[in-house]
Amino acid sequence: MSAVNPAGDVYEDAARERIRRLKWIREHPEKVPAIRRYYRTHVADFINDWGITVDPRNVGRGAPVVLPFLLDTRQREWVEFTIDNWRRGRYGMTVKSRDVGVSWLIVAVSTSLALLFDDMAIGWGSFKKEKVDWRGDMGSIFEKGRTYLAGIPEEFRSDYDPRLHSFERRIAIPGTRSTIIGEIGDNIGRGGRTSIYFVDEAAYLEHGEMVDAALSKNTQCRQDASSVCGMQNTFAQRAHQKSILENGQRFDFHWRDNPRMTQDDYDKFREQWGPVITAQELDCNFQASVECIVIPAEWVASCVGAAQKLGIKRTGEIRAALDVSDQGPDRNALATVHGIELIGLEQWSGVGSDPYATAERAFLGCDTYGARRLRYDADGLGASVRGDARKINEGRNPAFQIAIESHRGSGAVLDPRKEMVEGRKNEDFFKNFKAQAWWWLRICVYNTHLAVRGEKHNPDRIVSFDPSLPMLKKLLVELSQPIYKQDTSGKLLIDKQPEGMPSPNLADAVMMVYAPRRGPMVITDEMLQEF
């Protein structure tokens, strides 16, 4: 994994600053109680000021193995998310890519709470012993915890002595009377009560239902963290519960949030481990091992920055597509492209939304990027967009009016007698226009995948996603969610919400903005100049 040189100025400066602060504290010991009070309401600062991490891989890089724990932006957000859940006494979950540092964050938050607050009881559990406590193995959470505590200055260690207060699967902090206990497999949560309980790699529990029952009586603040392992586990099922999504109880920690990991690191991992493992371990794709995925995650990843990789200049029409939410908790989504490249992506809540206000918000998004054509989902609530858009356009300068066109997924296929798939007429292959549009996007994404790999491809069927899009990682997951099936007549249909998963609104908007176009051809000035 690429990184800022661990021996570089950032870490050296942090170490020097810690030495300076510690010297001042030891010259003013009467200030320690006040500093501790500050840290009780600023736990992330306590971690950033005094925490450490250990990375044995640095030996081969000639870099220090023990490093100051300098929280990046997303790690600090995770700390605040977890502390908020603890204070509110509620469930929280983290869906994570590999190697983003969540296990160390669990250790850092847990030990900070135990050192700073009286009478804390903290639980650590996982699916096997090696993950919980294995002496000498930094892969176990308790060995991380012992090492972390050893790096905390004695002024904040609350009388902890590793020779007296560290046991198998238990750490005691005598100064605060707090404890950290560890449990394994089906025994997680079976006995006792805790202030907060962390379950590491929760997707891999063999009997998740048994653990759920036990922990429901153990704590009011269970915090799960895991990489994904398909849909057939309780972690995956909770990850897609609408109540958890609506209440902000799910935290997504994607590899793209990790400033120490680059696209090259991702590509090397994919080359070594293949598309399925990469989709599961790095892309957080719950459907990674599911057959009949319309657009596999490996293909989707190739579209990020494809225009830059292929040396394609951004040209052509700027257009947008609006996916209108059809349920209260659902979200509206707007996607904007310039030629082949996705340049804009946003979503907003549909709760209590007025359809007219939704159209106004979409027009504002079009104005932001200069789009003068908006495609909208004409099925369901989206049917009102045409009328609302007409009213909005009436109040606009004619030069800034936005052309509206419908996208009806339930409608008939486009060009029924032609062949999008060789040897099959469109009317025989696709159930409806929704299936045809998703399959068209599949073809374009696959062509992009071939092009990025240097293989023969169709240059007219390329799509590219701007790497700086703020919701890119969510889109990448959603694009690989839909699966395809056949009806009784052998026609292809699309299931975009398998296993009760939420509607992929961003992916729907992107599918629509790239979809084949219905209706009369529009002659542009650029096209006239070609003759």
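The values are calculated or read from the model by the stated rules, or taken from the named source; none is laboratory data. All figures in this text were calculated on a predicted structure; none of them were measured in a lab. Every residue, glycine among them, receives a Cβ derived from its backbone with ideal geometry; neighbour counts consider all protein chains shown.
A few points about this structure:
To keep it simple, each residue is scored yes or no on (1) touching a Ser or Thr at 6+ places or on another chain (Cβ under 8 Å); (2) in the same structural domain as Tyr484 (by TED's automatic domain parsing); (3) surrounded by 16 or more Cβ atoms within 10 Å (Cβ to Cβ).
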residue	(1), (2), (3)
Arg386	yes, yes, no
Arg390	no, yes, no
Arg396	no, yes, no
Ala399	no, yes, no
Glu405	no, yes, yes
Pro416	no, yes, no
Val421	no, yes, no
Arg424	no, yes, no
Phe433	yes, yes, yes
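- Residue, nearest to Thr41 (Cα to Cα), within segment 67-84, restricted to residues that are buried (at least 20 other Cβ atoms within 10 Å of the Cβ) and among the polar types (S, T, N, Q): Thr82
- Residues being surrounded by 19 or more Cβ atoms within 10 Å (Cβ to Cβ) and over 17 Å from Leu506 (Cβ atoms) - total across segment 335-365: 4
- Test for Asp264: is it touching a residue at least 40 places away in the same chain (Cβ under 8 Å) and loosely packed, with under 15 Cβ neighbours inside 10 Å: yes
- Segment 116-227 holds strands (runs of 3 or more DSSP E) entirely within its bounds, and those carrying 1 or more residues that are closer than 25 Å to Asn285 by Cα map to 121-126, 196-200, 222-226.
- Strands (runs of 3 or more DSSP E) contained entirely in segment 7-102, each with at least 1 residues that are over 26 Å from Gln263 (Cα atoms): 52-54, 92-96
- Only one of the listed residues (Gly151, Gly125) is among the small types (Gly, Ala, Ser) and crowded, with 22+ Cβ neighbours inside 10 Å. That residue is Gly125.
- Yes/no for Phe167 being assigned by TED's automatic domain parsing to the domain that holds Ala108, touching a Lys or Arg at 6+ places or on another chain (Cβ under 8 Å) and more than 20 Å from Gly208 (Cα to Cα): no
- Restricting attention to segment 474-492, the residues that are surrounded by 13 or more Cβ atoms within 10 Å (Cβ to Cβ) and either touching an Asp or Glu at 6+ places or on another chain (Cβ under 8 Å) or without any contact (Cβ under 8 Å) to a residue 60 or more places away in the chain (or both) add up to 10.
- Every listed requirement among (1) in contact (Cβ under 8 Å) with a residue 40 or more places away in the chain; (2) among the charged types (D, E, K, R); (3) assigned by TED's automatic domain parsing to the domain that holds Val199; (4) under 16 Å from Val109 (Cα atoms) is met by Asp84 save one, (1).
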